[in-house]
Amino acid sequence: MTGRLLRLHLRARGAPTFLVGVGVVAVLAWLGGNWLASRPYFDGPAARIPVVALAPLLGATLLAPTLGGADEELERGIPLPWPRWRLGHVLLGATLIGGTLVLGGLRRPEVFGAYALVRNTLGCAGLVAGAAVLLGARLAWVVAFGYVCAVYAATPRQVGGAAGVWAWPVQPSTVEVSWLVAVGLFVVGTVGYLCRGNRVAPGKAR
């Protein structure tokens, strides 16, 4: 029974589309990262900053619509331990995004590589999960997309310090505070989502 419910749940949340999308993002990240790192006018692995910042963001954007079902009122009427299902949903989604990106080619951990991809996946997934509570699944991507794009456009030159806090998506993976921020966002966003779930439109039961 649980297996059947799981299949129905994943199908209702658009899991097949999500998986295909993550695969496409991973391929583009692999191609883009290797091309940038091979350019003589870029500074080696640091040239991957666009990929490291944007690939996890795109993966989290794909995760956003899966955080809500087509009929929230009907779903919440099913007697299931929804907090655990929501937690598993976010953890599985983040694992698939981060794992696929790392295996897709950017495996070298120095500077901007595998570690930074994992960190940014956690941070972006946390922003998306938290935004789903406030804005709903359809708009959950807006906060992460706007924030990461703004940070990338600001192109901060400082490494660590205050920049490690607000510009964590573009910091080297060796900056410890950037990990604290990303993991903190993931924990807060995930806890909020598992407790409250996707925002239900006015007039529908919570």
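Data table
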{"quantity": "Mean Cβ count within 10 Å, highest first, over the residues of peptides 161-172, 19-30", "calculated": "161-172, 19-30"}
{"quantity": "Under the Karplus curve 6.51 cos²θ - 1.76 cosθ + 1.60, θ = phi - 60°, whole-Hz ³J(HN,Hα) for segment 155-163, x wherever Gly or Pro sits", "calculated": "6, x, 8, 6, 10, x, x, 5, 5"}
{"quantity": "Per-residue HN-Hα couplings for segment 113-119 [Karplus 6.51, -1.76, 1.60; θ = phi - 60°; Hz; x = Gly/Pro]", "calculated": "x, 4, 5, 5, 5, 5, 4"}
{"quantity": "Residue-span extension gain [W82 to E176] - 0.36 nm each, minus C-alpha spacing", "calculated": "30.5 nm"}
{"quantity": "Amide H partners (placed H, <5 Å) of V159, local residues excluded", "calculated": "none"}
{"quantity": "Integer Hz, Karplus 6.51/-1.76/1.60 couplings in order for segment 131-147, x for Gly and Pro", "calculated": "5, 4, 5, 8, 10, x, 5, 5, 10, 5, 6, 4, 5, 4, 4, x, 5"}
{"quantity": "Simple label model, 7 Å out from Cα along Cβ direction - L91 to F42, nm", "calculated": "3.5 nm"}
{"quantity": "Simple spin-label estimate for L6 and V27 in nanometres, 7 Å along Cα-Cβ", "calculated": "2.8 nm"}
{"quantity": "Order by protection proxy (mean Cβ within 10 Å, highest first), peptides 174-181, 50-57", "calculated": "50-57, 174-181"}
{"quantity": "Linear extension gain, R138 paired with V159, 0.36 nm per residue minus alpha-carbon span", "calculated": "4.1 nm"}
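No lab work stands behind these numbers, since they all come straight from the coordinates. Every value quoted in this text rests on a predicted model; they were computed, and no experiment measured them. Ideal geometry is used to build each Cβ from the backbone, glycine not excepted, and the neighbour counts take in all protein chains shown.
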